């Protein structure tokens, strides 16, 4: 079945980047949380700048009853809003596949409680900056990785979505099993996001510095080491070494900084700066729960979890 | 007797002003802040709050102006110890550190031979040049610094003068137990508060309570490895200070430093636990993590 109609749930940075680009190849509708944002998107279209430059006409609404049927639903809310988003999907889209893109682990299981759609797990390395309700700047045009979730969908379905995303001008890669990549990103995120949130540092080269004992890079390395132990205990062979991902991201950040761009601010630091609840329960929380399940001590991640939770309390 | 206070901020001023009320002690103070020095010389050094005192103190911003003194009290922020001692060491016989954390005496001993280890509880804040608020009264514990000790007679002379001046001070043959009790307490309270923006009392509650206790357990292990017997339980003090009628709402100094964008004393608290731990073969991963996070902060 060709994918002709896509519904994107959540119009933050990532949701907007998918929705905007997909208008080139499919009929796109957007479900937002706020009616005001839906109205702005409907009136002036969705503007994408940066790596791509265009304004897309989209159908947007805050009322799920107004949504047309779709072949693919991309759930792109923050993990903290996933529960509400999944509730809005219940009883709809009988023939659609649902792709979850949340940070951390457990999004698929949560969506699963609201319907028996074929589920596609995804992680994305794209990033952008939200300028206003209807304008997102496309910053890093990196890949989205996707794969079937726990036998609910097939590798072929993931490959169709990969082809669709590529045709839309995005970068994507389908895997027969996403868990190795999902875990690589989980360990990367649990480390980089919490360290950034607590130090108020964007993802800069200090995260890879390991000259002195107390250099920040050693903490990053040790946190990733704990994460790798958990992955091994869970029987997951990582797709990429999170430390290598970190070193690479720091290097890329330095190149960007040399070109006059700002360093990447991890989303958890953005949340802390804005006084919003963070995704700590879905990221570090997921890792800590997996660790407990497999009897792996993770004292450093526990410390980071508690510090970020306390920071959220203000 | 002549005593000089090096670093006349809040804690240094508490010692200098109180000692300045004694007839038989000539008090000098060295501080680089010229307005403070001028105000002290013009009107005396004034304390208000927990006690109202005006002490006669000879203040100078020029280390060369310090006369020869039997005793010195170093009260600079820990990160300024080396610089201050290099400038003033020529004036001293014995020198006592009353600074926060561990590792200051080692730095003092690079400049003078007779060193006294000290831990002080009283606290205050500078209100204006020549005037310091005295917020908290409390005891001071001093003893010879083992690797480069001052004679016990010097320790006792200093304790006697301070106590008589209104700063109760105990001369001990081993002051490490008092010092490490405070280091362990402060390392947990200060670093967690600095990273989370919470008060001491909030740090003692979930979700950070267990972390604070784990951080203190590492500090205890490092103290044990050095053969130090703590004089009091840092955990009990932690809970005591967290009481609503004691210091629940107190913002630990490291949180104040972070909020004001100042350098912190992390190297002498959590960093010292890590460093002493390494020397004695005890790993302190949580204290290392807190040190890296606080030092990484901007």
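Numbers at a glance
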{"item": "Complete set of residues in region B:173-187 that are within 20 Å of residue B:108 (Cβ to Cβ) and crowded, with 19+ Cβ neighbours inside 10 Å", "result": "B:175, B:176, B:178, B:179, B:180, B:182, B:183, B:186"}
{"item": "Boolean, residue A:42 is touching a helix residue (DSSP H, G or I) at 6+ places or on another chain (Cβ under 8 Å) and either modelled with pLDDT under 95 or not in a strand (DSSP E or B) (or both)", "result": "no"}
{"item": "Residue ID - farthest from residue A:111 (Cα to Cα), chosen from residues in region A:53-75 that are in contact (Cβ under 8 Å) with a residue 40 or more places away in the chain and crowded, with 18+ Cβ neighbours inside 10 Å", "result": "A:60"}
{"item": "Search result, residues across region A:263-272 that are in contact (Cβ under 8 Å) with a residue 12 or more places away in the chain and more than 11 Å from every other protein chain (Cβ to nearest Cβ)", "result": "A:263, A:264, A:265, A:266, A:267, A:268, A:269, A:271"}
{"item": "Count - residues of region A:257-314 that are touching a strand residue (DSSP E or B) at 6+ places or on another chain (Cβ under 7 Å) and under 18 Å from residue B:203 (Cα atoms)", "result": "0"}
{"item": "Residue under evaluation residue B:275, criteria (1) within 21 Å of residue A:196 (Cα to Cα); (2) touching a residue at least 24 places away in the same chain (Cβ under 8 Å); (3) within 14 Å of chain A (Cβ to nearest Cβ), criterion not met", "result": "(1)"}
{"item": "Those residues of region A:292-314 which are surrounded by fewer than 21 Cβ atoms within 10 Å (Cβ to Cβ) and more than 10 Å from chain B (Cβ to nearest Cβ), in sequence order", "result": "A:292, A:293, A:294, A:295, A:296, A:297"}
{"item": "Condition broken by residue B:288, with the remaining ones in (1) assigned to a loop (DSSP other than H, G, I, E, B); (2) closer than 26 Å to residue B:107 by Cβ; (3) within 14 Å of chain A (Cβ to nearest Cβ) satisfied", "result": "(1)"}
{"item": "Top-ranked residue of region A:273-291 - restricted to ones that are assigned to a helix (DSSP H, G or I) and more than 13 Å from residue A:197 (Cα to Cα), ranked as farthest from the other protein chains (Cβ to nearest Cβ)", "result": "A:290"}
{"item": "Filter result for the condition that a residue is part of a helix (DSSP H, G or I) and either within 13 Å of chain A (Cβ to nearest Cβ) or in contact with a helix residue (DSSP H, G or I) (Cβ under 9 Å, 6 or more places away or on another chain) (or both), over B:267, B:283, B:239", "result": "B:267"}
{"item": "Residue among A:227, A:260 that alone is away from chain B (no Cβ under 12 Å) and at pLDDT below 95", "result": "A:260"}
{"item": "Strands (runs of 3 or more DSSP E) contained entirely in region A:51-165, each with at least 3 residues that are modelled with pLDDT of 95 or more", "result": "A:54-56, A:59-61, A:72-75, A:97-100, A:119-124, A:135-140, A:144-148"}
{"item": "Residue satisfying all of: in region A:198-220; over 26 Å from residue B:268 (Cβ atoms) and within 10 Å of chain B (Cβ to nearest Cβ); surrounded by the fewest Cβ atoms within 10 Å (Cβ to Cβ) among these", "result": "A:202"}
{"item": "Subset of region A:233-260 that is without any contact (Cβ under 8 Å) to a residue 24 or more places away in the chain and in a loop (DSSP other than H, G, I, E, B) - its residue that is nearest to residue A:177 (Cα to Cα)", "result": "A:235"}
{"item": "Pick from region B:143-165, criterion in a loop (DSSP other than H, G, I, E, B) and surrounded by 24 or more Cβ atoms within 10 Å (Cβ to Cβ), ranking: farthest from the chain's Cα centre (by Cα)", "result": "B:150"}
{"item": "Residue ID - surrounded by the fewest Cβ atoms within 10 Å (Cβ to Cβ), chosen from residues in region B:245-258 that are without any contact (Cβ under 8 Å) to a residue 24 or more places away in the chain and more than 21 Å from residue B:104 (Cβ to Cβ)", "result": "B:245"}
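The rows are residues; the columns are (1) closer than 19 Å to residue B:162 by Cα; (2) at pLDDT below 95; (3) surrounded by 23 or more Cβ atoms within 10 Å (Cβ to Cβ).
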| site | (1), (2), (3) |
| --- | --- |
| B:38 | no, no, no |
| B:43 | no, no, no |
| B:50 | yes, yes, no |
| B:78 | no, yes, yes |
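One line per residue, one yes/no per condition, for (1) in a helix (DSSP H, G or I); (2) within 21 Å of the chain's Cα centre (by Cα); (3) away from every other protein chain (no Cβ under 14 Å); (4) within 28 Å of residue B:145 (Cα to Cα):
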| site | (1), (2), (3), (4) |
| --- | --- |
| B:167 | no, yes, yes, yes |
| B:181 | yes, yes, yes, yes |
| B:193 | yes, yes, no, no |
| B:218 | yes, no, no, yes |
| B:224 | yes, no, yes, yes |
| B:232 | no, yes, yes, yes |
| B:243 | no, no, yes, no |
| B:250 | no, yes, yes, no |
| B:261 | no, yes, no, no |
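The values are calculated or read from the model by the stated rules, or taken from the named source; none is laboratory data. Keep in mind that what you see is a predicted model, and the values were worked out from it rather than measured. Don't worry about glycine lacking a Cβ; one is built from the backbone with ideal geometry, like all the others, and counts go over all protein chains shown.
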